[in-house]
Amino acid sequence: MLLNLLEYHWVEDIDEALLLLGRADVKTVALGGGTYLLGLDDDRIEAIVDLRDLDLSYIREDAASVHIGSMTTLQSMVDAPALKEMATGVLAKAARASSFSRVIRNSATIGGTLAIGAASQADVLTVLAALDAEVLLRSGSRTKLDLSAGTVERPGFALAGVTFKGKQERRISCINLSHERRPNELIIEIIIPRPPAGTGAAFQRIGRTPTDVALLNVCALVDIQDGNYKQVRLTLGGVNMEPVRLQGVEKHLEGQVAMNEGDTSINTQILVSALQAGMTDFSPPADFRASGGYRKTSGVNLALRALEEATNISRWRNMVSSKEGQ
Ligand SMILES: Cc1cc2nc3c(=O)[nH]c(=O)nc-3n(C[C@H](O)[C@H](O)[C@H](O)COP(=O)(O)OP(=O)(O)OC[C@H]3O[C@@H](n4cnc5c(N)ncnc54)[C@H](O)[C@@H]3O)c2cc1C
């Protein structure tokens, strides 16, 4: 319960929200779906800014990317045709897995989920990291200045109490959001660059039950061209874990031959060698659900299965598009 809440602002434009969130004297926070915030036991919060009227609930596409407004609910992401189509629907699947309660998904927003980060326990974080998604942040500031008059040579007016309203906007990578976001910055939207057309993608998870939080989850994106791995993205995450990009594995695979010579089966040995070499630094945390050792061993197996699935999909897509081109 927010026992010291004194102000509730139902704002109609983003600038108003930014000015309220930028106040230094009143601890003010944004309200998305409220599923996390309203259950918090935080006596410092004095004001909340309700974002529901800001037209930030949308999923828009252009040739290069997909834009998801921060007030878009997880359920809208599950249902959106644009997300079902992009990268074999991994983001829509992860949005569903992020909370198996439809009641929560109907309220919880992607902005609120990203703002909490690992504490949200949401599977979407791992998939957004693999997709190289970026977050558009905006903050506002108000500065009061007393401008002095000019000199005898260059006369001017003295102006007291002039207020400047400033706005800053920046894009940062989703994977760095929890370290880099400042408290007064509002998440405006998430920008996902479209993966290349032949990309295969896979999202998999391990939980104690199919509807429980993920002990581990993985997202793999694979683009095969002329039989070789052109681009690989691999991220692992899970409950109480920040998503980790396994760049060592990605680098090992890029440029390697994806299929066994003379047949159409996947060159699994290449994948195993890349995982063995690239996951030596992967040291997931332990908690009451699973030890770090269990997560590490399962992570290698899960990553292998996801890479195999993504490789198969990419190969199949390439075959279909080359047949269509004939
Ligand atoms: C019963 C219950 C079960 C839950 N189960 C799960 C679960 O299984 N999996 C899961 O992932 N989560 C779960 N949650 C937690 C919660 O639903 C999610 O983390 C959710 O994604 C939070 O989103 P929200 O929009 O409700 O955020 P809010 O509660 O509105 O806000 C969360 C935080 O984000 C900030 N914020 C919100 N929007 C923005 C913005 N646009 N810009 C900047 N900051 C912003 C708020 O100030 C606040 O600090 C559960 C919650 C409840 C109550």
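What follows is calculated from the coordinates using simple rules that are stated; it is not laboratory data. Treat the numbers as computed from the prediction; the structure is a model and nothing was measured. For neighbour counting, all protein chains shown are included, and Cβ atoms are generated from backbone atoms with ideal geometry for every residue, glycine included.
What number of residues in the range 58-94 are of a type in the set (A, V, I, L, M, F, W, C), more than 12 Å from the ligand (Cβ to nearest atom) and within 14 Å of the chain's Cα centre (by Cα)?
Step one: of the range 58-94, the residues of a type in the set (A, V, I, L, M, F, W, C) are 59, 63-64, 66, 68, 71, 74, 77-78, 80, 82-83, 86-87, 90-92, 94.
So of that shortlist, the ones also more than 12 Å from the ligand (Cβ to nearest atom) come out as 59, 63-64, 66, 78, 80, 82-83, 86-87, 90-92.
Subset that is within 14 Å of the chain's Cα centre (by Cα): 66, 83, 90-92.
Counting residues in the range 58-94 that are of a type in the set (A, V, I, L, M, F, W, C), more than 12 Å from the ligand (Cβ to nearest atom) and within 14 Å of the chain's Cα centre (by Cα) gives 5.
Take Arg60 and tell me if it is free of Cβ contacts under 8 Å to residues at least 24 places away in the same chain and within 20 Å of Ile187 (Cα to Cα). Please lay out each step first, then the result.
Values: free of Cβ contacts under 8 Å to residues at least 24 places away in the same chain: yes; within 20 Å of Ile187 (Cα to Cα): yes.
It is true that Arg60 is free of Cβ contacts under 8 Å to residues at least 24 places away in the same chain and within 20 Å of Ile187 (Cα to Cα).
Is it the case that some residue within the range 34-57 is more than 12 Å from the ligand (Cβ to nearest atom) and touching a residue at least 60 places away in the same chain (Cβ under 8 Å)?
no
In a loop (DSSP other than H, G, I, E, B), under 27 Å from the mean Cα position of the chain (by Cα), touching a residue at least 60 places away in the same chain (Cβ under 8 Å) and away from the ligand (no atom under 11 Å from the Cβ) - does that describe any residue in the range 6-18? Before the answer, list the steps.
As a first pass, look at the range 6-18 and keep what is in a loop (DSSP other than H, G, I, E, B): 6, 11-13.
Narrowing further to those that are under 27 Å from the mean Cα position of the chain (by Cα): 11-13.
In the following step, the residues that additionally are touching a residue at least 60 places away in the same chain (Cβ under 8 Å) were identified as none.
No - not one qualifying residue is present in the range 6-18.
Can you pull out the residues in the range 102-123 that are within 6 Å of the ligand (Cβ to nearest atom), aliphatic (A, V, I, L, M) and over 12 Å from the mean Cα position of the chain (by Cα)?
Matches in the range 102-123: Ile104, Ala108.
Can you tell me how many residues in the range 282-307 are surrounded by fewer than 19 Cβ atoms within 10 Å (Cβ to Cβ) and in contact with a helix residue (DSSP H, G or I) (Cβ under 7 Å, 6 or more places away or on another chain)?
6
Would you mention how many residues in the range 104-119 are assigned to a helix (DSSP H, G or I) and either touching a Lys or Arg at 6+ places or on another chain (Cβ under 8 Å) or surrounded by 21 or more Cβ atoms within 10 Å (Cβ to Cβ) (or both)? Give the steps one after another, and end with the answer.
Step one: filter the range 104-119 for residues assigned to a helix (DSSP H, G or I), giving 104-107, 110-119.
Filter once more, keeping what is either touching a Lys or Arg at 6+ places or on another chain (Cβ under 8 Å) or surrounded by 21 or more Cβ atoms within 10 Å (Cβ to Cβ) (or both): 105, 110-115.
So the count comes out to 7.
Return the residue satisfying two criteria in turn: it lies in the range 167-198 and is within 28 Å of Thr297 (Cβ to Cβ) and surrounded by 20 or more Cβ atoms within 10 Å (Cβ to Cβ), and of such residues it is nearest to the ligand (Cβ to nearest atom).
Cys174
Can you list the helices (runs of 4 or more DSSP H) found entirely within the range 51-99 that contain at least 2 residues being within 18 Å of Ala197 (Cα to Cα)?
Here the list reads 81-85, 90-98.
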